[in-house]
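In what follows, a single structure is set out as structure tokens and then discussed.
The values are calculated or read from the model by the stated rules, or taken from the named source; none is laboratory data. Here the structure is a predicted model, which means the values were calculated and not measured. Here the Cβ positions follow ideal geometry from the backbone for every residue, glycine too, while neighbour counts run over all protein chains shown. Note: accessible area is taken over every heavy atom of the protein model, side chains too, but ligands, DNA and RNA are not part of it. Shrake-Rupley method; radii C 1.70, N 1.55, O 1.52, S 1.80 Å.
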Amino acid sequence: MLRIFSLFSNPDPMKTHRIALYPGDGIGPEVIAEALGVLESVQQIDETFRLETTTLPWGADYWRETGHVVPDDFLDILRPMDAILLGAVGWPAEIPDHITLAPLVKIRQTFDQYACVRPAKLLPGVPSVLAGKGPADIDLVVIRENSEGEYVNVGGRFRTGTDDEVAVQTALHTRRGITRVLRYGFEMARRRRQHLTMITKSNALRFAYVLWDEVLEELAPQYADVESRRLHCDAAAMDLVRRPEMFDVVVASNLFGDLLTDLAGVISGGLGLAPSTNTNPERAFPSMFEPVHGSAPDIAGRGIANPVAMILSAAMMLDHLEQSAAAQRIRAAVEQTLADGCHTPDLGGKLSTRAMGDAVLARIQGRPAAR
Ligand code: NAD
Ligand code: IPM
Ligand code: MN
């Protein structure tokens with residue numbers, strides 16, 4: 001009887017989430033191993049959810065064996081998942097990037113992951129590359145439009161290999177696509193400091209970015225509680241360095257968002273710390289979580305990559321899966337770890353990937369760890 005009662009009062013005591021793990025290439029598998037340790041630990045502490053993982057051996061190794069980066073049915077394999085956790089893809093010494101990276105872009109577009117959320121927050125204990133700027137000055141989030149813009153596969157090459165060769169690469173910007181990503185940005189600004197900067201370039205690109213400007217003008221009155229402005233992309237690049245405190249939520253098109261998030265990453269401590277989502281807000285498809293950084297071939301295999309960007313991406317995945325207590329537990333541990341001076345070489349420290357992962361884990365578990 002008691003058991004029946006407890007079942008009714010708590011109908012779903014242990015929620016299971018199906019996770020596709022795509023470690024990928026270079027430092028991808030190195031950093032994802034640390035994120036998995038952290039995820040395992042918060043599951044054990046919370047005991048309210050379970051991650052059922054499926055590891056996908058795709059990427060450069062798979063290409064060496066099969067001649068393909070992913071199997072033909074990769075989208076069908078991913079579709080039933082609740083989320084995708086990706087390390088990094090790309091091994092340019094052997095395989096051209098546009099081949100290795102094509103499935104990644106395809107996942108984002110097919111699963112309509114139109115909101116790419118990239119927070120950039122300088123945490124206490126992390127050295128700033130900007131003179132005179134500290135944690136109080138750098139706390140922004142870029143919402144990158146992730147489904148259209150310059151990344152649509154529209155174009156072609158003509159008279160290939162001749163002196164008269166022509167390449168056409170067409171960007172596509174739709175009113176619907178701009179509207180939904182701006183709304184997403186406005187909603188986020190409401191939950192933050194009520195400020196939104198939309199990145200444009202309407203002084204030169206007279207079709208696409210004039211449309212972006214017009215959609216912002218139309219939407220702004222519906223979010224009168226949010227102060228909004230537009231800024232040309234070149235000026236935004238300058239101001240992210242000169243006065244980063246002017247930014248709260250930044251909404252940018254696909255390519256502008258790509259460029260500005262490497263910059264936002266570096267002013268907030270480097271790519272080793274910068275997490276990212278590829279979110280389908282309607283939850284019609286799985287969303288994907290990955291660091292902003294790539295496979296870092298220059299340091300791959302040396303065990304020195306910073307796993308924090310990957311660990312924070314895993315925390316963002318937990319937020320999306322509505323396991324916010326576990327996500328918050330991870331973020332708090334990361335913040336404490338960095339504040340305690342635990343740093344990998346990219347931050348001027350000496351910790352290995354493994355030791356940094358363990359330092360975060362120790363703080364989650366409340367046990368002592370080597371610095
Ligand atoms: P990158 O982000 O891999 O590396 C840029 C620099 O940042 C390198 O010096 C690298 O050592 C450093 N870095 C990156 N992550 C780090 C970490 N966790 N810890 C310490 N240092 C780190 O960019 P890249 O060198 O231009 O690209 C390498 C490959 O990755 C290419 O094939 C590229 O196409 C691919 N790429 C993939 C993704 C992705 O999978 N989402 C993203 C960006 C680039
Ligand atoms: C990123 C990456 C990708 C992008 C590449 C690797 C296709 O740079 O996630 O920022 O341009 O979106
Ligand atoms: Mn990028």
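Which shape class applies to the chain: rounded if a/c is under 1.5, otherwise prolate when a/b exceeds b/c and oblate if not, where a ≥ b ≥ c are the square roots of the Cα gyration tensor eigenvalues? It is rounded, given that a/c, with a ≥ b ≥ c, falls under 1.5. Dividing the summed helix terms, -39500 (n - 2.57) for each DSSP H run of n ≥ 4, by the number of residues in the chain produces a 222 nm estimate of -12000 deg cm²/dmol to the nearest 500. A 1.4 Å probe over all protein chains sorts ARG283, ARG180 by accessible area into ARG283, ARG180, starting with the largest.
What FRET efficiency, computed as 1/(1 + (r/R0)^6) with R0 = 35 Å and r the Cβ-Cβ distance, is obtained for ALA167 and LYS106, rounded to the nearest 0.05?
According to the calculation, E is roughly 0.95.
I need the shape label for region 82-223. Rule: rounded when a/c is under 1.5, else prolate if a/b > b/c, else oblate, with a, b, c from the alpha carbon gyration tensor. In terms of gyration-tensor shape, oblate. Can you tell me which lysines have their Cα less than 29 Å from the Cα of LYS133? Leave out same-chain residues fewer than eight positions away. Straight-line reach from LYS133, under 29 Å: LYS121, LYS201, LYS350. Rolling a 1.4 angstrom probe over the protein heavy atoms with all chains in place gives the chain an accessible area of 46 Å² per residue.
Going by Cα centres, region 155-211 and region 116-143 are how many Å apart? So the two Cα centres are separated by 25 Å. Residues with beta-carbon under 10 Å from that of ASP139, excluding ASP139: net charge, scoring Lys, Arg +1 and Asp, Glu -1? Summing Lys/Arg as +1 and Asp/Glu as -1 gives 0. With both labels modelled 7 Å from their Cα along Cα-to-Cβ, the ALA204 to ALA33 distance reads 4.4 nm.
Multiplying the residue separation of GLU217 and ILE77 by 0.36 nm and subtracting their alpha-carbon distance yields 46.3 nm. Using a probe of 1.4 Å on the protein chains alone, the accessible area found for VAL210 is around 50 Å².
The share of accessible area on region 128-268 that comes from carbon and sulfur is 53 percent, using a 1.4 angstrom probe.
Do you know the relative contact order of the chain, to the nearest whole percent, from alpha carbon pairs under 8 angstrom that are 6+ apart?
Dividing the mean separation by the residue count of the chain yields 23 percent.
DSSP assigns beta bridges within the chain; of those with both partners inside it, close to 40 percent run antiparallel.
Rounded, prolate or oblate: pick one for region 137-289, where a ≥ b ≥ c are the square roots of the eigenvalues of its C-alpha gyration tensor, a/c under 1.5 means rounded, and failing that, prolate if a/b is larger than b/c, else oblate.
Note, shape of region 137-289 comes out prolate.
Sites count as exposed loop sites when they are GluC sites (Glu not before Pro), lie in a DSSP loop, and have at most 12 other Cβ atoms within 10 angstrom; the longest stretch of the chain without one is 166-281.
Extension gain, SER324-ASP97: 0.36 nm per intervening residue step, less the Cα-Cα distance, totals 78.2 nm.
Taking a Cβ cut-off of under 11 Å around ALA284, the surrounding Lys, Arg, Asp and Glu residues balance to a net charge of 0, with basic ones at +1 and acidic ones at -1.
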